[in-house]
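The values are calculated or read from the model by the stated rules, or taken from the named source; none is laboratory data. Small disclaimer: the values here were computed from a predicted structure and weren't measured. Here the Cβ positions follow ideal geometry from the backbone for every residue, glycine too, while neighbour counts run over all protein chains shown. Accessible surface areas use protein heavy atoms only, side chains included; no ligands, DNA or RNA. Shrake-Rupley method; radii C 1.70, N 1.55, O 1.52, S 1.80 Å.
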Amino acid sequence: MFGIPDPAIWIGYLLALGFTLGCMGYGLLNWNNGVGEEEDGS
Amino acid sequence: MAVDTGLFIAITLVYLVAVISLGYLGYRRTKGEDDYLVAGRRVHPVVLALSYGATFISTSAIIGFGGVAAQLGMGMIWLTVLNIGLGILIAFVVFGKRTRRIGSQLRAVTFPDLMGKCYGSPFMQYTAGLVIVVGMPLYTAAILIGGAQFITSTLQVPYTTSLIAFAAIVALYVVLGGLLAVMYTDALQGGIMFVGMTILLVLTYVQLGGVIEANTALAAMSDLVPQALAAGGMTGWASMPAFGSPIWLTMVTTLVLGVGIGVLAQPQLVVRFMTVRDSRALNRAVLVGGPFILMMTGVAFTVGALTNVYFYRTRGVIALAAATDGNVDTIIPNFINASMPDLFIVIFMLALLAAAMSTLSSLFHVMGTSLGFDMVRRTGSGGASMRRIQAATVVMIVASIILAFIMPGSIIARATAMFMGLCASAFLPAYAHAMYSNRPSLYAAKMSLVAGAAAWFLWTAFVHIKESAALGISAFLFGVPAVLPAPWQDVDPLVIALPLSALVLLVGWALDRRRGSAEGPAGAA
């Protein structure tokens, strides 16, 4: 895959891309969550 | 140097004016300790994400680890997997939200302060501060060396002048503007890094004929692996080293696990979770942080490995042979200077300079606050004051500069891994316990911190041969560079010290619960 013959390498690339998409999805899905904690401890 | 020096100096001056201006903005907005130490707890999520990423990614990641990828190959991509999965997703979601909330409730302003207040223990604060003050100058010196080497090779400025000027410029805005200045400048630097690394990836693949062709060419070079590396288990630049071989152990335990896990307990990163007002800011920062880290370490490791294809095609040698004086830290700068168009060389230079400055500023700040706020105050010299913290920051900066002149030039990647390993071994179990236990056990935390730090040091000084041979303590006491045989000599201290630290915490916690009398007050969670 991608010209890389060793699965141990291209799986690493796929996981890196997958986690990146996971970060983006998490951020978008929780875009407005957690706003109520603004005055914690103040 | 391929690029016109005048052009680079002109653009660098514009960049420095922008950095100093942002530093001045931070200085003007700093009205008290909260601003100086935790940026007033009102930082914008994008600034947080870029600051976190720019602090996380230094010249170590780009030049040092990129050079390691040029030497050992694309297996380093597993570090990117951990950088994003643990360093962003787990760090922000699992640790960040708790850290922000508890830090806000307890009014904690530094990582040692957070530990001390969670456990109700000056010992925890002082000891965490001590580990930072003793261990962080090593990492800081490595960043200084990387930055100075780069400036020297780019501008032909003497190394000593580069190092001192580099440190002085960063010191100026850190000492005066505190964390607000650090994070504002980080955000600018992070943006430059993102642009520079994106262009680097695109141009590298364009120059080598595209993704498939370049990767295929790299895979086909496996018979060019030097004999010494092949004997250590290396199989090629597009394949993992042989399982269990010395190079596999170094790559997996030191570089991937050591840095990948170590990032979770980095004081300069943890403190950033306390700079935002709510969890919403952390959620939004995750959106920016993931792609940012991918474009930093993912690109550095990919391009690093691919430099072999470039140097083989243009000079008939592998990247290691194209390194100046055999120093792998020079491979990426040499590749950029030799292969890229002038205008983009300037952008890359700025990106590398920004990477060094952003990490350095954060380390200066954390070392200064650890000494001036967490340690000096605890020795009974009165209440904390910004002036004392600023003076302590200057002391730590000078110490780091001195260390940078003493340390060898090819230490960047190893020093980074060492510091991250030490932080994870000493802090991570106790930090996680403080964040997730309703009644964190001070007894268990003390035992874990001491056991983790001690085990890390003992394994470093007496077993892990790359450090033990250099330190010479084992040879002096026992007449051998390492007291255990292979394969133990290639196992990173983190792999031993972190599980031990976690185990000691669990045992201590169980004993404490059995006694029914925890030393500290109820936890903050």
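The residues in region B:10-19 that are of a type outside the set (S, T, N, Q) and crowded, with 17+ Cβ neighbours inside 10 Å can be counted, and the count is 2. On the stretch given as region B:234-257, residues that are assigned to a loop (DSSP other than H, G, I, E, B) and either free of Cβ contacts under 8 Å to residues at least 12 places away in the same chain or crowded, with 22+ Cβ neighbours inside 10 Å (or both) total 8. If the condition is being open to solvent by less than 50 Å² (accessible area, probe 1.4 Å) and more than 7 Å from chain B (Cβ to nearest Cβ), then region A:1-34 contributes A:Gly18, A:Gly25. Per the listing B:Val43, B:Val68, B:Val94, the residue uniquely more than 11 Å from chain A (Cβ to nearest Cβ) and not in a helix (DSSP H, G or I) is B:Val43.
In region B:423-525, counting only helices (runs of 4 or more DSSP H) that sit wholly within it, the ones holding 1 or more residues that are within 23 Å of B:Val270 (Cα to Cα) and open to solvent by less than 50 Å² (accessible area, probe 1.4 Å) span B:442-462, B:493-515. Quick test for you: out of B:Thr80, B:Thr99, B:Thr110, pick the one residue that is at the interface with chain A (Cβ under 10 Å from one of its Cβ atoms) and out of contact with any Cys (no Cβ under 6 Å at 6 or more places or on another chain). On inspection, the qualifying residue turns out to be B:Thr80.
In this structure, does B:Gly260 turn out to be over 26 Å from the mean Cα position of the chain (by Cα), crowded, with 20+ Cβ neighbours inside 10 Å and within 14 Å of another protein chain (Cβ to nearest Cβ)? When the stated conditions are applied, B:Gly260 does not pass them.
When the residues of region B:216-240 are filtered to those that are within 10 Å of chain A (Cβ to nearest Cβ) and in contact with a Ser or Thr (Cβ under 9 Å, 6 or more places away or on another chain), the one that is nearest to B:Asp490 (Cα to Cα) is B:Thr235.
In the condition set (1) touching a Leu at 6+ places or on another chain (Cβ under 6 Å); (2) more than 14 Å from every other protein chain (Cβ to nearest Cβ), B:Ser153 is compliant with all but (1). Taken over region B:44-80, the residue count meeting the criterion of being aliphatic (A, V, I, L, M) and either in contact with a strand residue (DSSP E or B) (Cβ under 8 Å, 6 or more places away or on another chain) or surrounded by fewer than 24 Cβ atoms within 10 Å (Cβ to Cβ) (or both) is 2.
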